[in-house]
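Each value in this text was obtained by applying a stated rule to the coordinates, not by laboratory testing. A quick note: this is a predicted structure, and the numbers were derived from the prediction, not measured. Neighbour counts are summed over all protein chains in view; Cβ atoms, including those assigned to glycine, are modelled from backbone coordinates with ideal geometry.
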Amino acid sequence: MSRPSFGRGRGDDPADTRHDPQGGVQPILTAHPECSVVIPVYNGRATLEPLVREIHEAFAGHRFEVVLVDDGSVDGSDRLCADLVTAYPETVRFVQLSRNFGEHNAVLAGLQYARGDYVAVLDDDGQHPPAEAVRLLDSIRGSDHDAVYGRYRVKQHSRTRNLGSWFNDRMAVLLLKKPRELYLSSFKIMNRFVVDEVCKYRGASPYIDGLIWRSTHRIGQVDVVHRARQAGRSNYGLRKLVELWLNSFLTFSILPLRLAGILGVLCSLFSVVVLIAMVVDKLWINTGITAGVPTIIITMALFAGVQLLILGTIGEYLGRLFLDHSGAPQFIVRSVKERDRVDG
């Protein structure tokens, strides 16, 4: 796991300077940014360049930076990110991960390198208008909120992703005690306090919204425009939605374990009731109904399935503990590119 050790103070952030051979200190970026815009990039070559250009137009007059995190793209997005650093040397930084770790891991990597007092997170597909990110910035600056989410007026996601988002939202209400009216979208902004708290997480399977909710309940939301995808199609399939669900709730709640235990108790009680009913029927009522082989097989299959469900839930928790204990990385940074600096 690679973690930068950047300071957070205005004006004395080590990320703002570099040392020359004569021992002097020269600036890398001209000013401490008020807002960092973190963009996790995965096969976003078709949409990334116009998105970065639009960010510069929307944030004109603000002190800002753009942190591009390439999450193992295979379409040449890494080369485009490097070109964008050359095109916008004062504002764009590029963090390249060694392989694909997942969206939330890539966002966490970006948060580690973001220097702004506020950090906004945008997708790389152009569906989050940068002008709306400026509105999020204005909202959080004028309130006591630690984080502000963009709530889409009209969602432009596919049916599969909308269904997955709805399910994750319902589970967040149940397991994380999230208010029903709060929509945890991928379009959000955080202040430095929350960013620093989120970056303290050491587990291999981060869930950014769960980390935010664990850090603060001072969370607001602003209605925003959600645009249709500018090019290509979403990288979110059923597998990624399932992985997101597992990261969301097995990492931040023990309620699934409790539910598994309750289910085991209920099945045990059911089996006892069935056994008593069969004995009573045989000894006193004598209805003539007998439990044949098919009934026994079906009953055994039911209880075997319940047992496997309980064991699988426990196994998921134990597997995550094993990964964390064995040092499975959240992300590995291959290189960092910004003006006058190339690491890796």
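Hand me the trypsin sites (Lys or Arg not before Pro) from the range 30-125 located in a DSSP loop with no more than 12 other Cβ atoms within 10 Å, in residue order please.
Working: sites: Arg45, Arg53, Arg63, Arg79, Arg93, Arg99, Arg115; in loops: Arg63, Arg99, Arg115.
Answer in residue order: Arg99.
Between rounded, prolate and oblate, where does the range 35-115 land on the alpha carbon gyration tensor, with a ≥ b ≥ c its root eigenvalues, rounded for a/c under 1.5, else prolate if a/b exceeds b/c? Each step should come with its number before you reach the end.
Working: a/c = 1.96, a/b = 1.36, b/c = 1.45.
It is oblate, given that a/c is not under 1.5 and a/b is not larger than b/c.
How much length is gained if the chain between Thr216 and Asn100 is pulled fully straight, taking 0.36 nm per residue apart and subtracting their Cα-Cα distance, in nm to one decimal?
38.8 nm
Using a simple spin-label model with points 7 Å from Cα along the Cα→Cβ vector, what separation in nm is obtained for Arg170 and Arg334?
4.0 nm
Quickly work out the Arg229-to-Ser139 label distance, labels modelled 7 Å from Cα along the C-beta direction, and quote it in nm with one decimal.
2.5 nm
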